[in-house]
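Please see the structure below; I have some questions.
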Amino acid sequence: MGAMTPTSTEPVLPTRDDPVVRAGSELVGGPAGRRIRFVPNRWWTPVRVLVLLAVVCFALGIMQKKPCYDGGWFSGTTQYSHACYSDMPHLYVNRGLADGKIPYFQETGDKDMRFLEYPVITGGVMAFAGTLARAAGDITGGDLRDEQLWFVMINALIMMACAVVTVVAVKGTSGRRPWDAAMVACAPALALNGLINWDLVAVALTAVAMWSWARRNVVVAGVLIGLATAAKLYPVLLLAPLFLLCLRSGRMSAFARTAAAATVSWLVVNLPVMVDFDGGLHIREGWKLFYTFSQDRPADYGSLWLIIQQRDGRPLEHLNTYVTLSLVLCCLAIAALAMYAPRRPRFAQLVFLIVAAFILTNKVYSPQYVLWLIPLAVLARPRWRDFLIWQACEVTYFIGVWMYIASFSGKGLSQNAYHVVILLHLLGTAYLCMVVVRDILRPDRDPVRADGGDDPSGGVLDRAPDAFVPTSVLARTQG
């Protein structure tokens, strides 16, 4: 039977829209036909199915860490050789959470890291989970290791909730393409990296911010961008694509309200921690550490700079200059793309490109950073083939980095092999960036715009005419 063109009220079905899903559907009867009936108010709605997929995926990730629950975090190289490492049990002790220390206000007791080196919302989540873990330890009469396991399990529930929120938000942002969110829910990198650190807090806030913008709630979107930036630095990058797209479409008042709301919400949660009123107004050292630590750290795991440094055999001088210059050049290229593309890019496309540029040029690539990109990649390029190619590269890097660290104490991955793994990760992300750029330059190749739609993530930008277009673009479109 021939494919039916979806109406404006029907969801886009992946078995009709995506070649990979269409081929896979042959195992269960083939793609949906012309006579499929959309029945409202069924119990198995897309949201419920997606939530179930996210919970199952994350639960598999929790199970993958089992070798570490049995003592792997506390002895030998098990946490690396079994790829079950997590920052959580170690930071519970090393950042004073086990002793009830108040982050930013009290020193951790660790000589290498005097204060907690995370933004305030992430620090708040850690402190909250630490309080519950200590209470659980008191009730059960367990020792410190029991408290560490409680701490991980409590955080696992919080991170699972964040994963579910992210999936639901992506579904909402996708408009008529709700099933695109299944890529987020089933992402292998979500299962493997979700429990390494607290990045999913910022990921969830960012996803809901984009959903709010898509629903034209520009102030709410700004508030959430500010809160997300108070959990991790990268969400502030969303403001750059918004500025460019609002400039091109003449929607600068919407951008101004969003940026103002983001600034206010960031200040509301940061000022009480940032400013020390004892002995005069000054910036608290505990709050400032996150920013100074990020600035002062050397080239580290997963970065191109580490390859260069290890090949050269000495630390890179002026590393911050190289990193900043590389990111600035990438941002200028993205800005040119936003302004000179024949059709205004979609919001999600530019957000993906700028966050990917930040990751590719950064001094360090921790495995959990892939979580930042998963929802953005799905919104920017909702095709299973490209998504799975990228995910395969990221899973390879996940295994490779732990095998490389394991080699410090025994058998593992050599330095040269680790460099290959890093390059694979970089090439996988760069590949996805190139496909997104191609979609921007050739909108007919963009799956979201293939059926005549514009930008479901764009909010006030969706179907808005251009108000400011460079002369060369105007001449090309008129020609």
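Hey, any hits in region 457-470 for a residue that's exposed (fewer than 14 other Cβ atoms within 10 Å of the Cβ), in a loop (DSSP other than H, G, I, E, B) and free of Cβ contacts under 8 Å to residues at least 12 places away in the same chain?
Scanning region 457-470 turns up at least one residue that is exposed (fewer than 14 other Cβ atoms within 10 Å of the Cβ), in a loop (DSSP other than H, G, I, E, B) and free of Cβ contacts under 8 Å to residues at least 12 places away in the same chain.
Any idea how many residues of region 55-74 are open to solvent by 70 Å² or more (accessible area, probe 1.4 Å) and either modelled with pLDDT under 90 or of a type in the set (S, T, N, Q) (or both)? Even if it seems obvious, please write down each step before you answer.
Restricting attention to region 55-74, the residues satisfying the condition of being open to solvent by 70 Å² or more (accessible area, probe 1.4 Å) are 56, 60, 63, 66, 70.
With the extra rule that they be either modelled with pLDDT under 90 or of a type in the set (S, T, N, Q) (or both), the set shrinks to 70.
The number of residues fulfilling the criteria is 1.
Still on this structure, I have one more. Tell me which helices (runs of 4 or more DSSP H) are completely within region 242-331 and hold 3 or more residues being under 19 Å from Pro119 (Cα atoms), or say none if there are none.
Values: elements: 252-274, 285-296, 304-312.
Of the helices (runs of 4 or more DSSP H) lying wholly inside region 242-331, those with at least 3 residues that are under 19 Å from Pro119 (Cα atoms) span 252-274, 285-296.
Taking only region 41-54 into account, find how many residues are open to solvent by 50 Å² or more (accessible area, probe 1.4 Å), of a type outside the set (A, V, I, L, M) and in a helix (DSSP H, G or I).
Looking only at region 41-54, we keep the residues that are open to solvent by 50 Å² or more (accessible area, probe 1.4 Å), and these are 41-44, 47-48, 52-53.
If we keep only those that are of a type outside the set (A, V, I, L, M) too, we end up with 41-44, 48.
Keeping just the survivors that are in a helix (DSSP H, G or I) gives 48.
Of the residues in region 41-54, 1 are open to solvent by 50 Å² or more (accessible area, probe 1.4 Å), of a type outside the set (A, V, I, L, M) and in a helix (DSSP H, G or I).
I've got another one for you. Would you please name the residue that is farthest from Tyr85 (Cα to Cα), looking only at residues in region 336-367 that are of a type in the set (S, T, N, Q) and either at pLDDT below 95 or open to solvent by 10 Å² or more (accessible area, probe 1.4 Å) (or both)? Break it down stepwise before answering.
Quick first cut of region 336-367, residues of a type in the set (S, T, N, Q) only: 349, 361-362, 366.
Within this subset, residues satisfying the condition of being either at pLDDT below 95 or open to solvent by 10 Å² or more (accessible area, probe 1.4 Å) (or both) are 361-362, 366.
On the way: Thr361: 25, Asn362: 22, Ser366: 12 Å.
In this case the residue turns out to be Thr361.
Being open to solvent by less than 30 Å² (accessible area, probe 1.4 Å), free of Cβ contacts under 8 Å to residues at least 60 places away in the same chain and more than 25 Å from Phe243 (Cβ to Cβ) narrows it down to one residue among Asp386, Asp296, Asp312; which is it?
Exactly one residue qualifies, and that residue is Asp386.
Conditions (1) part of a helix (DSSP H, G or I); (2) of a type in the set (A, V, I, L, M); (3) more than 23 Å from Leu245 (Cβ to Cβ), marked per residue:
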site: Leu371; (1), (2), (3): yes, yes, yes
site: Pro375; (1), (2), (3): yes, no, no
site: Tyr397; (1), (2), (3): yes, no, yes
site: Val401; (1), (2), (3): yes, yes, yes
site: Val421; (1), (2), (3): yes, yes, yes
site: Asp454; (1), (2), (3): no, no, no
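Quick one: which residue in Leu132, Leu149, Leu144, Leu116 is open to solvent by less than 40 Å² (accessible area, probe 1.4 Å), more than 21 Å from the chain's Cα centre (by Cα), on the phi < 0 side of the Ramachandran plot and not charged (D, E, K, R)? Reasoning before the result, please.
Numbers: Leu132 fails: open to solvent by less than 40 Å² (accessible area, probe 1.4 Å); Leu149 fails: open to solvent by less than 40 Å² (accessible area, probe 1.4 Å); Leu144 fails: open to solvent by less than 40 Å² (accessible area, probe 1.4 Å).
Just one listed residue meets the conditions, Leu116.
Would you confirm whether or not region 264-279 contains a residue that is without any contact (Cβ under 8 Å) to a residue 40 or more places away in the chain, touching a Ser or Thr at 6+ places or on another chain (Cβ under 7 Å) and of a type outside the set (Phe, Trp, Tyr)?
no
Can you find a residue that is open to solvent by 40 Å² or more (accessible area, probe 1.4 Å) and of a type in the set (Phe, Trp, Tyr) anywhere in region 265-276?
Step one: list which residues in region 265-276 are open to solvent by 40 Å² or more (accessible area, probe 1.4 Å), which gives 266-269, 271-272.
Of the ones still in play, those that are also of a type in the set (Phe, Trp, Tyr) are 266.
Within region 265-276, one or more residues are open to solvent by 40 Å² or more (accessible area, probe 1.4 Å) and of a type in the set (Phe, Trp, Tyr).
Also: Take Leu306 and decide whether it is surrounded by 19 or more Cβ atoms within 10 Å (Cβ to Cβ) and without any contact (Cβ under 8 Å) to a residue 40 or more places away in the chain.
Working: surrounded by 19 or more Cβ atoms within 10 Å (Cβ to Cβ): yes; without any contact (Cβ under 8 Å) to a residue 40 or more places away in the chain: no.
Criteria not met by Leu306.
Could you tell me how many of the residues in region 398-420 are open to solvent by 20 Å² or more (accessible area, probe 1.4 Å) and either of a type in the set (A, V, I, L, M, F, W, C) or within 20 Å of Trp305 (Cα to Cα) (or both)? Before you say what the answer is, go through the steps one by one.
Kept after step one, since they are open to solvent by 20 Å² or more (accessible area, probe 1.4 Å), are these residues of region 398-420: 399, 403, 405, 407-417, 420.
Still in the list and also either of a type in the set (A, V, I, L, M, F, W, C) or within 20 Å of Trp305 (Cα to Cα) (or both): 399, 403, 405, 408, 413-417, 420.
Number of matching residues: 10.
The values are calculated or read from the model by the stated rules, or taken from the named source; none is laboratory data. Just so it is clear, the model here is predicted, and its values are computed rather than measured. For neighbour counting, all protein chains shown are included, and Cβ atoms are generated from backbone atoms with ideal geometry for every residue, glycine included. With ligands, DNA and RNA removed, areas are computed over all heavy atoms of the protein, side chains included. Shrake-Rupley method; radii C 1.70, N 1.55, O 1.52, S 1.80 Å.
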